[in-house]
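The values are calculated or read from the model by the stated rules, or taken from the named source; none is laboratory data. Quantities reported herein were computed from a predicted structural model and do not represent experimental measurements. Here Cβ is always computed from backbone atoms with ideal geometry, including for glycine, and neighbour counts include all displayed protein chains.
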């Protein structure tokens with residue numbers, strides 16, 4: 001979920017079931033690090049997984065993940081993906097921006113997805129790989 005939304009760790013740790021709309025496929029955070037509220041669309045497979053893990057008796061104020069679950073999930077994911085041990089949760093934000101950039105998303109779209117206030121910050125988070133650059137050059141020169 002972190003890689004598809006670009007949400008910060010603290011936002012995910014504080015996310016409650018009341019802030020997720022599984023029917024419409026979005027999640028809200030009332031106040032982000034930059035002081036603004038933010039609505040994020042959720043991909044269908046994220047909605048499916050959230051539906052699967054939601055406890056039957058969950059209340060709107062119950063946290064979805066909490067710190068212990070995030071820690072455990074992060075360490076397992078890093079290990080399973082054979083990533084360097086020094087990878088941090090913040091890399092997920094860069095992954096979200098980079099995947100959007102590599103798919104051709106505009107800077108405005110990346111700004112909206114990660115709730116950035118400036119185009120410069122969105123560009124700082126977006127990293128294009130060689131294949132994406134080659135494809136863009138190829139389209140430009142055809």
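Here 59, 107 are screened, and the one residue that is in the same structural domain as residue 30 (by TED's automatic domain parsing) and in contact with a helix residue (DSSP H, G or I) (Cβ under 9 Å, 6 or more places away or on another chain) is 59. Going through (1) in contact with a helix residue (DSSP H, G or I) (Cβ under 9 Å, 6 or more places away or on another chain); (2) more than 19 Å from residue 50 (Cβ to Cβ); (3) without any contact (Cβ under 8 Å) to a residue 24 or more places away in the chain one by one, residue 69 falls short only on (2). Can you pull out the residues in region 8-26 that are closer than 23 Å to residue 88 by Cα and touching a helix residue (DSSP H, G or I) at 6+ places or on another chain (Cβ under 7 Å)? Answer for region 8-26, where residues must be closer than 23 Å to residue 88 by Cα and touching a helix residue (DSSP H, G or I) at 6+ places or on another chain (Cβ under 7 Å): 8, 9, 12, 13. Does residue 30 satisfy the condition of being surrounded by fewer than 14 Cβ atoms within 10 Å (Cβ to Cβ) and touching a helix residue (DSSP H, G or I) at 6+ places or on another chain (Cβ under 6 Å)? When the stated conditions are applied, residue 30 does not pass them.
Residue pairs whose Cβ atoms lie under 7 Å apart, separated by 6 or more positions or on different chains, with the first residue in region 109-126 and surrounded by fewer than 16 Cβ atoms within 10 Å (Cβ to Cβ) and the second part of a helix (DSSP H, G or I), are 109/100; 119/107; 119/111; 123/107.
When 105, 77 are checked against the criterion of being closer than 20 Å to residue 10 by Cα and either assigned to a loop (DSSP other than H, G, I, E, B) or without any contact (Cβ under 8 Å) to a residue 40 or more places away in the chain (or both), a single residue qualifies: 77.
Restricting 71, 62, 135 to residues that are at pLDDT below 85 and within 19 Å of residue 14 (Cα to Cα) narrows the list to 71. Per the conditions (1) within 17 Å of the chain's Cα centre (by Cα); (2) assigned to a loop (DSSP other than H, G, I, E, B); (3) touching a residue at least 12 places away in the same chain (Cβ under 8 Å); (4) assigned by TED's automatic domain parsing to the domain that holds residue 18, the sole criterion not satisfied by residue 31 is (3). Residue 113 is checked against (1) assigned to a helix (DSSP H, G or I); (2) modelled with pLDDT of 85 or more; (3) out of contact with any strand residue (DSSP E or B) (no Cβ under 8 Å at 6 or more places or on another chain) and fails just one. What number does that condition carry? Among (1) assigned to a helix (DSSP H, G or I); (2) modelled with pLDDT of 85 or more; (3) out of contact with any strand residue (DSSP E or B) (no Cβ under 8 Å at 6 or more places or on another chain), residue 113 violates only (3).
If you check 92, 136, 132 for being in a helix (DSSP H, G or I), surrounded by fewer than 17 Cβ atoms within 10 Å (Cβ to Cβ) and in contact with a helix residue (DSSP H, G or I) (Cβ under 8 Å, 6 or more places away or on another chain), only one passes: 132.
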